[in-house]
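> I have a structure here, written as structure tokens, and I will follow up with some questions on it.
The values are calculated or read from the model by the stated rules, or taken from the named source; none is laboratory data. Remember, predicted model here, so these are calculated numbers, not experimental data. Here the Cβ positions follow ideal geometry from the backbone for every residue, glycine too, while neighbour counts run over all protein chains shown.
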Amino acid sequence: MNIGEMTRNQDGSVTGYIAEATFDFENVFLDKVASTHERAPAFNLTTKSPRGRPVRLGSLWERSAKETGEIYFGGYIQSGASGYVPIRLFRSRQNADVWNVVPQAAAATAGRRAGGRHPRG
């Protein structure tokens, strides 16, 4: 079950949305984290407040599937209503510039239904 979609734009930026019943974040941006620390996230997820101020929603770390080596991103968003929501971003099979946002529990279930284990980073 997808709860969002992130798209690479022509200028190289990545934007999209993440939404479910208790939250709806429109205009979500991926900001690359400039750090050499091995445990630093690859990206921060940000949006704008109703007054236009930048707000950090969460972070993403690059992962790779143990069985296939396929790259995906795992992390979380934080919403006032839902608390911390673990998410995964998987590249769309139809469009290489699109990543599907999936809640972590749904991602694990989808991996088992497909006959394999869910990749854990």
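> Return the pair list, or none, for Cβ contacts closer than 9 Å from residues in segment 40-57 that are without any contact (Cβ under 8 Å) to a residue 40 or more places away in the chain to residues that are surrounded by 11 or more Cβ atoms within 10 Å (Cβ to Cβ) and part of a loop (DSSP other than H, G, I, E, B), at least 6 apart or on different chains.
Ala40/Val33; Pro41/Val33; Ala42/Val33; Phe43/Val33; Asn44/Val33
> Of all residues in segment 26-39, which are in contact (Cβ under 8 Å) with a residue 12 or more places away in the chain, part of a strand (DSSP E or B) and within 19 Å of Tyr72 (Cα to Cα)?
Hits for segment 26-39 are Val28, Phe29, Leu30, Asp31.
> Ok, one more. Would you pick out the residues in segment 77-104 that are closer than 15 Å to Thr22 by Cα and not in a strand (DSSP E or B)?
Those that are closer than 15 Å to Thr22 by Cα and not in a strand (DSSP E or B): Gly80, Ala81, Ser82.
> Does segment 3-25 contain any residue that is in a loop (DSSP other than H, G, I, E, B), in contact with a Pro (Cβ under 9 Å, 6 or more places away or on another chain) and in contact (Cβ under 8 Å) with a residue 60 or more places away in the chain?
yes
> Right, next: Looking only at segment 67-81, how many residues end up being among the polar types (S, T, N, Q) and surrounded by fewer than 13 Cβ atoms within 10 Å (Cβ to Cβ)?
Of the residues in that region, 1 qualify.
> With respect to the numbered conditions (1) surrounded by 17 or more Cβ atoms within 10 Å (Cβ to Cβ); (2) at pLDDT below 95, which one is the sole condition not fulfilled by Phe43?
Here Phe43 meets the rest and fails (2).
> Does Arg63 fit the bill of being over 12 Å from the mean Cα position of the chain (by Cα) and more than 15 Å from Pro103 (Cα to Cα)?
Taking the combined requirement at face value, the residue does not satisfy it.
> Hey, can you tell me all the residues within segment 3-19 that are surrounded by fewer than 17 Cβ atoms within 10 Å (Cβ to Cβ) and closer than 20 Å to Gly74 by Cβ? Before you say what the answer is, go through the steps one by one.
Taking segment 3-19 as the starting set, the residues that turn out to be surrounded by fewer than 17 Cβ atoms within 10 Å (Cβ to Cβ) are 7-13, 15, 17, 19.
Answer for segment 3-19, where residues must be surrounded by fewer than 17 Cβ atoms within 10 Å (Cβ to Cβ) and closer than 20 Å to Gly74 by Cβ: Thr7, Arg8, Thr15, Tyr17, Ala19.
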